[in-house]
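Written out below as structure tokens is the structure these notes cover.
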Amino acid sequence: MDVITIDGPAGAGKSTISKMVARRLGYSRLDTGAMYRAVAWLLRQKGVEPEETEMVDRICGSCRIEFRGDRIFIDNTEVTDVIRTPEIDMLSSRVSAIPCVRKHLASMQKAIGQAGKIVAEGRDMGTVVFPRADFKFFLTASPEVRAERRKKQLDKSGEIVLYATILRQIMERDTADSSRAVSPLQPADDATVIDSSEMSPEEVVELILAEIARKKEKR
Ligand code: DC
């Protein structure tokens, strides 16, 4: 099937790394966090609260999520940039704890994965969505390093948010993502765990490619 999974907490560098790994291997990249963000955006747009589970189920079960290169569309509206705000950070975390949302998105993700040759990034790629993936990685970094990276990203997009606020939100999201009942954030038993706190993106990519080559050779 040729699937590489990269899971890990917010700000561990998954997006940068998965883009680089996909480019090096000629694979496409599946950003599953963007799918949760898009659903969160759509629910807010429709004025539906995460607690209104019946409505959430209906909307999520009938929405159409589409990737065109690195751009994402939900029901034909492009949401690539509007889903990258601190508000959607928090809302998508709440939305991702709803079982019916996970069910719908996981089946969409499996369908996309059928084509093979993908680098799937998220929280439960190696554990739930692609348990039989060929290569699994779990990328992590200290909360402080992740908050610094996120601050740089937000600064670049012109959004002014205090470092302390970002750090607090990252820690809150970590707790929410790893303690939720469905698909909590945790490394798959057979995942290679990489702590990227002291590593450059290039070093992480080289490590991943070396690990893939090593495993392929052993087969
Ligand atoms: O990776 P991200 O920050 O864009 O993800 C947004 C939210 O979606 C985050 O709170 C975790 C959640 N998520 C998830 O529960 N499962 C995934 N496979 C991907 C993201």
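The values are calculated or read from the model by the stated rules, or taken from the named source; none is laboratory data. Computed from a prediction, not measured in an experiment: that's the story for all the values here. In this analysis, Cβ positions are derived from the backbone assuming ideal geometry, glycine residues included, and neighbour counts consider all displayed protein chains.
Could you please let me know if Gly8 is within 15 Å of the chain's Cα centre (by Cα) and surrounded by 21 or more Cβ atoms within 10 Å (Cβ to Cβ)? Here the answer is yes, as Gly8 does meet what is asked.
Take Met35 and tell me if it is out of contact with any His (no Cβ under 9 Å at 6 or more places or on another chain), of a type outside the set (Phe, Trp, Tyr) and within 20 Å of Met108 (Cα to Cα). Yes, satisfied.
Those helices (runs of 4 or more DSSP H) of the range 126-219 in which at least 2 residues are more than 13 Å from the ligand (Cβ to nearest atom), without any contact (Cβ under 8 Å) to a residue 12 or more places away in the chain and farther than 25 Å from Met35 by Cα, considering only elements entirely within it, cover 201-218. With the requirement that a residue be surrounded by 15 or more Cβ atoms within 10 Å (Cβ to Cβ) and β-branched (Val, Ile, Thr), what does the range 139-160 give you? Result: Thr140, Val145.
Yes or no, residue by residue, for (1) modelled with pLDDT of 95 or more; (2) touching a helix residue (DSSP H, G or I) at 6+ places or on another chain (Cβ under 9 Å):
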site	(1), (2)
Pro9	no, yes
Met20	yes, yes
Asp31	yes, yes
Leu43	yes, yes
Thr53	no, yes
Arg64	yes, no
Ala106	yes, yes
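Residues in the range 108-144 that are among the hydroxyl-bearing types (Ser, Thr, Tyr) and closer than 13 Å to Ile4 by Cα: Thr127 alone. Pull up the range 59-117, narrow it to residues that are in contact with a Cys (Cβ under 9 Å, 6 or more places away or on another chain) and aliphatic (A, V, I, L, M), then point me to the one that is farthest from Phe130 (Cα to Cα). Top of the filtered list is Ile74. In the range 1-100, counting only helices (runs of 4 or more DSSP H) that sit wholly within it, the ones holding 2 or more residues that are under 19 Å from Phe137 (Cα atoms) and within 16 Å of the ligand (Cβ to nearest atom) span 14-25, 32-45. Of the residues in the range 147-184, how many are β-branched (Val, Ile, Thr) and at pLDDT below 85? Adding up the residues that qualify gives 1.
Number of residues in the range 52-97 that are touching a residue at least 24 places away in the same chain (Cβ under 8 Å) and at positive phi: the value is 1. Of all residues in the range 146-201, those that are touching a Leu at 6+ places or on another chain (Cβ under 6 Å) and under 14 Å from Thr85 (Cα atoms) total 1.
Those residues that are hydrophobic (A, V, I, L, M, F, W, C) and within 20 Å of Ala10 (Cα to Cα), I need them from the range 93-121; list them, please.
Val95, Ala97, Ile98, Val101, Leu105, Ala106, Val119, Ala120
Determine, yes or no, whether Leu105 is without any contact (Cβ under 8 Å) to a residue 60 or more places away in the chain, within 25 Å of Asp174 (Cα to Cα) and assigned to a helix (DSSP H, G or I). So Leu105 does not fit the description; no.
Per the listing Val95, Val79, Val119, the residue uniquely over 22 Å from Lys19 (Cα atoms) and touching a Phe, Trp or Tyr at 6+ places or on another chain (Cβ under 8 Å) is Val95.
From the residues in the range 111-123 that are modelled with pLDDT of 95 or more and within 12 Å of the ligand (Cβ to nearest atom), which one is nearest to the chain's Cα centre (by Cα)? Ranking the candidates gives Gly122 first.
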